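Below is one structure, written out as structure tokens, with a few remarks after it.
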Amino acid sequence: MTRRGRIVAWTGGVLGVVLLGAVGAGAWVYQHLNGNIHGADVGSALGGDRPVNLSPGSKNILVVGSDSRAGSGDKYGKGLTTMQSDTLMVLHIAANHEWATAVSFPRDSWVRIPECDKGNGEKSAPHHFKINEAYTLGGLSGDVAKAAACSIKTVEKNTGLRIDHFVSVDFQGFKGMVNALGGIEICPKQAIHDKKAHLDLEAGCQTIKDEKALGYVRTRYSVGDGSDLGRIGRQQEFMKALGKKAQEQLTSPGSLYDFLDSATKSLTTDTDLDSINALTGLATTVKDIPSDRLTFLTIPTYPREADVPTDKANVVWQYPQAGELFGDLAHDREVGAEGKKKFAEAAKNPITARSVRVRVLNGTAKTGLAGVGAQKLRQLGFTVVFTDNGATTDKTAITYPPGLKDQAEVLAARLPGVKATESAQAAPGAVTLTVGPDLSDIES
């Protein structure tokens with residue numbers, strides 16, 4: 001595949017498509033395409049409580065696949081009045097432009113949703129829920145900027161990554177891109193019949209477009225194990241195929257224009273990216289990255305049912321592996337094939353919250369905080385083995401004996417801002433949480 005083709009395949013036709021347009025579009029076409037891109041003033045809605053940029057020069061781009069209900073897209077959710085996010089990923093472009101990593105987040109990820117502006121004069125209270133709720137919650141008034149801001153705040157809160165840019169791609173633009181290419185070939189090993197995705201496909205290789213293409217990338221319960229992880233894999237493969245076909249076949253002005261027109265109409269970005277020039281500039285920063293240094297991965301997870309038996313619908317990010325991933329990206333350290341392999345191996349034997357034994361101590365003069373903290377931890381799935389009063393502390397802290405570092409990091413990952421420290425004096429066989437006056441940071 002050519003250098004340009006690698007870029008198109010990697011970005012799934014969102015950023016790389018601009019490179020094709022820069023080559024083939026005349027001045028009036030350029031102006032039309034430029035006017036198609038929607039800009040959203042996301043920055044003004046984010047506030048000041050954000051992660052520090054630990055690697056100046058690198059870029060973290062939040063990409064959302066938006067479940068638009070406009071036009072024929074409403075057949076996938078007719079009657080819904082809220083904004084929906086169907087796909088969520090972060091593209092990290094290294095400061096030296098020599099490697100990049102794309103991390104997908106299952107939309108069933110059970111995470112902390114921070115306080116968000118709902119656009120109707122109200123703010124939501126911090127709580128736990130599926131990660132894709134953030135886009136809906138922020139977009140209750142129909143404002144894409146607020147929907148994006150809530151998603152960015154949620155990703156930043158749970159990963160510690162500073163998000164630099166935002167790109168949203170909607171259903172109808174995706175369908176238009178596929179149609180401009182004459183469809184994309186897929187080769188399902190088994191027939192797919194999914195009423196929810198309005199999809200009926202026989203087994204074997206076939207070219208799909210229009211509603212079948214939308215249905216294929218959305219289908220979930222009727223394929224494989226029915227998980228969101230499986231769907232993410234199919235989406236990634238489909239978008240790679242779309243990018244490859246675009247690079248090979250968009251040679252005529254007519255097909256190129258149709259493809260670019262659909263692509264740019266589908267885009268909403270932050271105001272720093274809302275032009276062909278800005279997107280082209282971003283895309284050219286990765287033009288020399290070889291294919292073996294473009295890493296696609298899905299954040300490691302396990303079923304939340306392992307912690308909360310009544311929850312059979314959601315997944316929990318797996319720690320300490322997820323924390324290591326976020327730390328590497330925050331410090332601009334490459335996560336390549338070896339890192340991806342490590343995550344896959346770790347997924348076979350995750351450390352669940354339920355397997356972590358926790359002692360909870362009250363480090364304040366206020367009575368009952370150990371019990372309150374224990375209750376909140378049990379709601380998160382942890383096994384609380386002891387509660388009592390402890391030494392006074394100004395801030396909630398975690399200590400652990402030698403040998404329980406991973407378990408302590410699993411607990412710390414659920415408590416924003418709380419650090420875990422090894423201590424030879426820590427009680428054996430358990431992780432100790434000493435509750436300080438900042439208990440409210442432990443969200444149930």
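The values are calculated or read from the model by the stated rules, or taken from the named source; none is laboratory data. Bear in mind that the values here come from a model prediction, so they are computed numbers and not experimental data. Here the Cβ is made from the backbone with ideal geometry for all residues, glycine too, and neighbour counts use every protein chain on show.
Quick notes on this structure:
- Residue in the stretch 252-271 that is farther than 22 Å from Asp143 by Cα, at pLDDT below 80 and in a loop (DSSP other than H, G, I, E, B) present: yes
- Filter pass, Gly119 being free of Cβ contacts under 8 Å to residues at least 40 places away in the same chain, more than 20 Å from Leu279 (Cα to Cα) and either surrounded by 20 or more Cβ atoms within 10 Å (Cβ to Cβ) or in the same structural domain as Ser266 (by TED's automatic domain parsing) (or both): yes
- Residue among Gly26, Gly12 that alone is modelled with pLDDT under 70, in contact with a helix residue (DSSP H, G or I) (Cβ under 6 Å, 6 or more places away or on another chain) and not aliphatic (A, V, I, L, M): Gly12
- Whenever a residue of the stretch 418-433 is touching a residue at least 60 places away in the same chain (Cβ under 8 Å) and at positive phi, it has no partner that is buried (at least 19 other Cβ atoms within 10 Å of the Cβ) and among the polar types (S, T, N, Q) lying with C-beta atoms less than 7 angstrom away and at least six residues away or across chains.
- Of all residues in the stretch 427-444, those satisfying the criterion of being assigned to a loop (DSSP other than H, G, I, E, B) and touching a Lys or Arg at 6+ places or on another chain (Cβ under 9 Å) are Ala427, Gly429, Ala430, Gly436, Pro437, Asp438, Ile442, Glu443, Ser444.
- Scanning the stretch 384-398 for residues that are assigned to a loop (DSSP other than H, G, I, E, B) and either among the aromatic types (Phe, Trp, Tyr) or crowded, with 17+ Cβ neighbours inside 10 Å (or both) returns Gly390, Thr396.
- Residue in the stretch 273-288 that is surrounded by 15 or more Cβ atoms within 10 Å (Cβ to Cβ), over 22 Å from Lys209 (Cβ atoms), small (Gly, Ala, Ser) and modelled with pLDDT of 80 or more present: yes
- Pick from the stretch 73-96, criterion closer than 19 Å to Phe238 by Cβ and of a type in the set (Ser, Thr, Tyr), ranking: modelled with the highest pLDDT: Thr87
- Filtered residue count, the stretch 122-139, keeping only those that are surrounded by fewer than 22 Cβ atoms within 10 Å (Cβ to Cβ) and under 18 Å from Asp170 (Cβ atoms): 1
- The stretch 209-224 - residue that is charged (D, E, K, R) and at pLDDT 80 or above and, of those, nearest to Gly182 (Cα to Cα): Lys209
- Here is the figure for the stretch 309-322: residues that are touching a strand residue (DSSP E or B) at 6+ places or on another chain (Cβ under 9 Å) and closer than 22 Å to Pro416 by Cα total 6.
- Annotation: of all residues in the stretch 422-439 being closer than 19 Å to Leu377 by Cα and either of a type in the set (Val, Ile, Thr) or at pLDDT 95 or above (or both), the one that is surrounded by the most Cβ atoms within 10 Å (Cβ to Cβ) is Leu433.
- From the options Ala347, Ala413, residue that is within 25 Å of the chain's Cα centre (by Cα), farther than 23 Å from His127 by Cα and of a type in the set (Gly, Ala, Ser): Ala347
- Residues located in the stretch 400-421, provided they are farther than 22 Å from Ser109 by Cβ and either in the same structural domain as Gln318 (by TED's automatic domain parsing) or surrounded by fewer than 20 Cβ atoms within 10 Å (Cβ to Cβ) (or both): Pro401, Pro402, Gly403, Lys405, Lys419, Thr421
- Filter result (modelled with pLDDT of 95 or more and part of a loop (DSSP other than H, G, I, E, B)) within the stretch 404-421: Leu404
Condition check ((1) among the hydroxyl-bearing types (Ser, Thr, Tyr); (2) in contact (Cβ under 8 Å) with a residue 60 or more places away in the chain; (3) closer than 28 Å to Ile113 by Cβ) across all residues:
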position	(1), (2), (3)
Ala365	no, no, no
Ala397	no, no, yes
Pro402	no, no, no
Glu409	no, yes, yes
Ala413	no, yes, yes
Leu439	no, yes, yes
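- Check on Thr310, in the same structural domain as Ala263 (by TED's automatic domain parsing), of a type in the set (Ser, Thr, Tyr) and surrounded by 18 or more Cβ atoms within 10 Å (Cβ to Cβ): no
- No other residue among Glu338, Glu324 is among the acidic types (Asp, Glu), assigned by TED's automatic domain parsing to the domain that holds Trp99 and within 17 Å of Lys157 (Cα to Cα) apart from Glu324.
- Annotation: Arg357 fulfils all but one of (1) of a type in the set (Lys, Arg); (2) within 24 Å of Arg162 (Cβ to Cβ); (3) touching a residue at least 12 places away in the same chain (Cβ under 8 Å); the unmet one is (2).
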